[in-house]
1. Kindly indicate whether Ile150 is modelled with pLDDT of 90 or more, out of contact with any Ser or Thr (no Cβ under 6 Å at 6 or more places or on another chain) and β-branched (Val, Ile, Thr).
2. Could you count how many residues in region 310-325 are part of a helix (DSSP H, G or I), exposed (fewer than 13 other Cβ atoms within 10 Å of the Cβ) and at pLDDT 55 or above?
3. Leu211 is checked against (1) closer than 30 Å to Ala428 by Cα; (2) touching a residue at least 24 places away in the same chain (Cβ under 8 Å) and fails just one. What number does that condition carry?
4. Only one of these is touching a residue at least 40 places away in the same chain (Cβ under 8 Å), out of contact with any Phe, Trp or Tyr (no Cβ under 7 Å at 6 or more places or on another chain) and of a type in the set (D, E, K, R): Lys294, Lys268. Name it.
5. Of everything in region 392-414, what is free of Cβ contacts under 8 Å to residues at least 24 places away in the same chain, over 21 Å from Phe228 (Cβ atoms) and part of a helix (DSSP H, G or I)? Give them in sequence order.
6. Answer with yes or no whether Ile160 is assigned by TED's automatic domain parsing to the domain that holds Ile49, within 22 Å of the chain's Cα centre (by Cα), on the phi < 0 side of the Ramachandran plot and in contact (Cβ under 8 Å) with a residue 12 or more places away in the chain.
7. In region 103-129, which residues are of a type in the set (S, T, N, Q) and loosely packed, with under 15 Cβ neighbours inside 10 Å?
Amino acid sequence: MIATMYLQEVSLILLQILFIYFFFSNSILGEKISNKIINTKYFTNLDLIIINIIIFLNFLIFVSVFTINSTYFFYAYIILICLTLIKKFKKKIRINFSYKNVIILFIVFILSLDLAYTLEFGWDVQWFWYLKALNFYQDQTFLNLNKLPISAYPHLGPYIWGFFWKFPFGNFEYLGRIVYIFFYIFAIFSFSEILKINNYLKFIFSLFVVLATYNYSLFNGDTDILIFIFLLFAAKFTYYLYQPEKKKNHSLIIFSLLGISNILFWIKYEAMFFILFLIFSIIIYNKIINKKNKIIIITFFFSFILLRILILELLSVSLIDPASFGIQDTIYFSFSEFYYRITQILFYIFSFLIQNPIFLLTLPLMIISIKCLNKNSLNKTILLFSFVFFSFTFFAYFFKVIEIEFQLRYSLDEFLFSVSGIYLLVFANFLNKYLLNNKNL
């Protein structure tokens, strides 16, 4: 009986993964529209999956906020995918599927088994995120979030969880979190495609990043992993913006970045600042993007922010909890308290940076690149982003009312991890810049 039960669960996990792959590997856009906006010559198969993810999640934001029945939306989306596939079959268009995707799905399957075996929630997940996921799983409305603890917390992360918990099987809650693993693995393998090395080395790099960063706690329902994932998507598209051969597809790359920005706005507060810092740095140092596209980026970016503020106003909740900060109290710190806060912040930032494998690899490279790549515009972008990000991190914790060491000890690690995906750009840029002189790798 127990063996049969386990076999049924393993079968469900496998089917869930295959469904998610089918769901995101096929576009709802018609062939004519796809050909107009997507030039596949400049994009990989994994890029197209990322674009499908971005399109779907932006639709999902709209569906959740305007309380459209999720069942109707799900079946409508599936029908559009099937219609697109039927047209491809009729025209005998080849459907892309590679051994690389098989390997990726196998890794997703292994990590999903670990997810199903452990089944642990963190404190925040138990009291906040799970309740939001359950809210959407049970077809409760966006406005119903007002009845839950900390209703102002962005809702998209748990809505994704609740959506894939409910569809297509609706059995176990962890089936909804498998989509987090799917995004995570595809983000890492997709990013490795920008490295100018052979496919075997790209695979080793991807596997190294997975082994260095994977931890069950990342997939316990918290949303920090989603910030890591979508900033990694953004990092790849940012790299594309600095490649002259990609200029013909700048419009799609820019709208993909804007789509990622909108997704991050609805995942967590700090994610809004992270993507803002990245966009700000790109606009200043990218000379390939023309002025028209820069204006488009700025206009849409701040429109998304205003839209979120308006929706929160409809919910009658504040954008930021004022009790979390105490600038007025900080002004009247004694010297000893002022010194204590500074030393604690610097100590914990340094401690968590050297514990993070990505920062441990990329920060030394970033220091070296100040001299070696001093004229490289992408490198300047990363340096500016780093300056703004670490300044923000310092002041965000400095003005916390709650006991600062407690905050640093239990939140800074996740805070730094969530943004670490962007720093793989340091490695990619450094490697590709000097690889031009070595054709044997």
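1. On the way: modelled with pLDDT of 90 or more: no; out of contact with any Ser or Thr (no Cβ under 6 Å at 6 or more places or on another chain): yes; β-branched (Val, Ile, Thr): yes.
It is false that Ile150 is modelled with pLDDT of 90 or more, out of contact with any Ser or Thr (no Cβ under 6 Å at 6 or more places or on another chain) and β-branched (Val, Ile, Thr).
2. To start, the set of residues in region 310-325 that are part of a helix (DSSP H, G or I) comprises 310-314, 322-324.
This time we only want the ones that are exposed (fewer than 13 other Cβ atoms within 10 Å of the Cβ), so: 310, 313-314, 322-323.
From what is left, the residues that are at pLDDT 55 or above are 310, 313-314.
Number of matching residues: 3.
3. Failed condition: (2).
4. Values: Lys294 fails: touching a residue at least 40 places away in the same chain (Cβ under 8 Å).
Result of the check over Lys294, Lys268: Lys268.
5. Listed by number, the residues that qualify are Phe395, Phe406.
6. Details: assigned by TED's automatic domain parsing to the domain that holds Ile49: yes; within 22 Å of the chain's Cα centre (by Cα): yes; on the phi < 0 side of the Ramachandran plot: yes; in contact (Cβ under 8 Å) with a residue 12 or more places away in the chain: yes.
Answer is yes for this residue.
7. Filtering region 103-129 for residues of a type in the set (S, T, N, Q) gives 112, 118, 126.
If the condition is that a residue be of a type in the set (S, T, N, Q) and loosely packed, with under 15 Cβ neighbours inside 10 Å, then Thr118, Gln126 are the ones that fit.
Residue-wise test of (1) farther than 30 Å from Phe142 by Cα; (2) modelled with pLDDT of 95 or more.
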site: Ser11; (1), (2): yes, no
site: Ile17; (1), (2): no, yes
site: Phe22; (1), (2): no, no
site: Asn35; (1), (2): yes, no
site: Ile49; (1), (2): no, no
site: Val65; (1), (2): no, no
site: Lys90; (1), (2): yes, no
site: Ile95; (1), (2): yes, no
site: Asn101; (1), (2): yes, no
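The values are calculated or read from the model by the stated rules, or taken from the named source; none is laboratory data. Everything numeric in this text was worked out from a predicted model, so none of it was measured. Don't worry about glycine lacking a Cβ; one is built from the backbone with ideal geometry, like all the others, and counts go over all protein chains shown.
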